[in-house]
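Before any comments, here is the structure.
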Amino acid sequence: MNFNKILVRPLLVSLTFIAVAKGQQKIEFSNIPKNLKINEIQVLGTHNSYARPVDPLVLAYGDSLISKMMGAYLSSMPKTKLEEFKEYHPNGMSMAEGLKYDHPPFPDQLNAGLRNLEIDVYYDPTGNRFSDPAAYRYFKEKGVANLAPYHKEGLDKPGFKVLHIADFDFRTHYPTLKDALTALKTWSDENPNHIPIFIQLEAKDSGIPVFPHPTTVLKFDETAFDALDAEILSVLGKDKLISPDEVRGNYQTLKEAVLAKNWPEVNKSRGKFIFLLLPSAGGGNDAQSPYVKNHPGLKNRVMFMQSTPNDDYAAFLLLDNAIVRQEDIKKYVNMGYMVRTRSDIETYEAKVNDYTRAKAAFDSGAQVISTDFYKKGNGYGTSYVVKLPGGGVARLNPVNAPKKNK
């Protein structure tokens, strides 16, 4: 399949990104429609954007055990849950295959034109919860000394920690959320005219007990979510955030505001971030989540929580399988919702060099598209690379962008 013919042809108007000499501002967006809103653009980003590769020995050992655990888990799953699981994990990839990606630090990704990043966080109100990973403890007890190094700075302090899977996939560019947010703020302050950066933040509240004496992972209750909002605000500040309250405005519910397309304009959102919360199992993806409790319609909250169109706080939908959900995504984007989907899932598309999902994702109109392969070179040796059609940091959304005043 010829990727250039399918994906890189310009659709509507490209949004120009001009890199200039270091120390000067980068100019983003030229020739865009007047009053263009942030739900009317499409950006590309990365999945698990903070991650560094798992130590090979740990990966090989854990992969076999996790495969057995997953087999038993799936065989006991009710049919409806199994169908839902297969929608989000359609290709039966092993854990080792699913982790076959490698991302550089945030500034490198942002300088490359990505405007979406994903961060996984764990709750650690006392510190030291993730300082001694069970995998490394297990192998060191067996005399293995040359395990891949990992950042430990700040792990002993209270605060949210950034990693993928406790005790197993914990190597990260940013051991703490404050580290990650500080990197974002520093880059943003140096590039004040950037378009809004979309940040998926997943609240991880469970582990995979692969190794002996695993870390106890804490659930996200209301206190944890309050602290999470406070930590984001403490580093970035309110002025750098697009909040649910801003979008709701004078509408009774956030959903009403979204259906009225009351998103802020791109040009008035430069230098800002919009956080999209994946609440994991921490209360569920519903109105009973601790993130919504005592905050009806996400009032006074920092992030837009993953929702369904039935929720009164509905604004952000997660529909990762663009092949299955392409028409649904088009419908919801046209209605005004913000949608994240994926151009590749668990590295399968890179393995077989298949752009079918990437084309479906871009054509769906989802505002946020995540990939693990935005640059050349992957662990499979294929030529698979995902680029935003037309190039640049963003493009006009092919589903709901205005067609006049280009």
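The values are calculated or read from the model by the stated rules, or taken from the named source; none is laboratory data. Since the model is a prediction, treat every value here as computed from it, not as a measurement. Cβ placement follows ideal geometry from the backbone for every residue including glycine, while neighbour counts extend to all protein chains displayed. Just so you know, the surface numbers come from the protein's heavy atoms only, side chains and all, with ligands and any DNA or RNA stripped out. Shrake-Rupley method; radii C 1.70, N 1.55, O 1.52, S 1.80 Å.
Here Glu190 clears all of (1) touching a Ser or Thr at 6+ places or on another chain (Cβ under 8 Å); (2) within 20 Å of Val393 (Cβ to Cβ) except the condition numbered (1). Note on region 324-342: among residues that are polar (S, T, N, Q) and free of Cβ contacts under 8 Å to residues at least 60 places away in the same chain, the one that is farthest from Leu44 (Cα to Cα) is Gln326. Counting the residues of region 258-285 that are surrounded by fewer than 16 Cβ atoms within 10 Å (Cβ to Cβ) and either over 19 Å from the mean Cα position of the chain (by Cα) or at pLDDT 95 or above (or both) gives 6. Using the structure shown, decide if Ser94 is open to solvent by 20 Å² or more (accessible area, probe 1.4 Å), of a type in the set (Gly, Ala, Ser), more than 16 Å from the chain's Cα centre (by Cα) and over 22 Å from Ala358 (Cα atoms). Taking the combined requirement at face value, the residue does not satisfy it. The single condition among (1) more than 17 Å from Ser307 (Cα to Cα); (2) over 21 Å from the mean Cα position of the chain (by Cα); (3) touching a residue at least 12 places away in the same chain (Cβ under 8 Å) that Asn250 does not meet is (3). In the set (1) at pLDDT below 95; (2) of a type in the set (D, E, K, R); (3) open to solvent by less than 60 Å² (accessible area, probe 1.4 Å), Lys293 fails one condition alone, (3).
Would a scan of region 67-87 turn up a residue that is open to solvent by 20 Å² or more (accessible area, probe 1.4 Å), closer than 19 Å to Asn378 by Cα and of a type outside the set (Asp, Glu)? Lay out the reasoning, then the answer.
Of region 67-87, the ones open to solvent by 20 Å² or more (accessible area, probe 1.4 Å) are 67-87.
If we keep only those that are closer than 19 Å to Asn378 by Cα as well, we get none.
The answer is no; no qualifying residue exists.
Considering region 25-46, the residues that are polar (S, T, N, Q) and under 20 Å from Gln109 (Cβ atoms) include one that is modelled with the lowest pLDDT, namely Gln25.
Residues of region 140-167 that are crowded, with 19+ Cβ neighbours inside 10 Å and either among the hydroxyl-bearing types (Ser, Thr, Tyr) or not in a loop (DSSP other than H, G, I, E, B) (or both): Lys161, Val162, Ile165. Against the numbered list (1) hydrophobic (A, V, I, L, M, F, W, C); (2) open to solvent by 40 Å² or more (accessible area, probe 1.4 Å); (3) at pLDDT below 55, Leu15 comes up short only at (2).
Which residues, counting only those in region 97-134, are polar (S, T, N, Q), open to solvent by 30 Å² or more (accessible area, probe 1.4 Å) and under 25 Å from Lys376 (Cα atoms)?
As a first pass, look at region 97-134 and keep what is polar (S, T, N, Q): 109, 111, 116, 126, 128, 131.
Those left that are additionally open to solvent by 30 Å² or more (accessible area, probe 1.4 Å): 111, 126, 128, 131.
The one that is polar (S, T, N, Q), open to solvent by 30 Å² or more (accessible area, probe 1.4 Å) and under 25 Å from Lys376 (Cα atoms): Asn111.
Answer yes if at least one residue in region 386-399 is out of contact with any Asp or Glu (no Cβ under 9 Å at 6 or more places or on another chain) and basic (Lys, Arg), and no otherwise. Yes, there is a match, as at least one residue in region 386-399 is out of contact with any Asp or Glu (no Cβ under 9 Å at 6 or more places or on another chain) and basic (Lys, Arg).
Of all residues in region 168-218 being of a type in the set (Asp, Glu) and open to solvent by less than 10 Å² (accessible area, probe 1.4 Å), which is modelled with the highest pLDDT? Here the answer is Asp169. Of all residues in region 188-242, those satisfying the criterion of being of a type in the set (Asp, Glu) and farther than 17 Å from Phe273 by Cβ are Asp205, Asp221, Glu222, Asp226.
Out of curiosity, is Leu117 of a type in the set (A, V, I, L, M) and farther than 30 Å from Ser269 by Cβ? It is false that Leu117 is of a type in the set (A, V, I, L, M) and farther than 30 Å from Ser269 by Cβ. Each residue in region 190-224 was checked for being more than 13 Å from Lys240 (Cα to Cα), within 16 Å of the chain's Cα centre (by Cα) and in a loop (DSSP other than H, G, I, E, B), and 1 pass. For region 238-254, filtering for residues that are assigned to a helix (DSSP H, G or I) and aliphatic (A, V, I, L, M) leaves 2.
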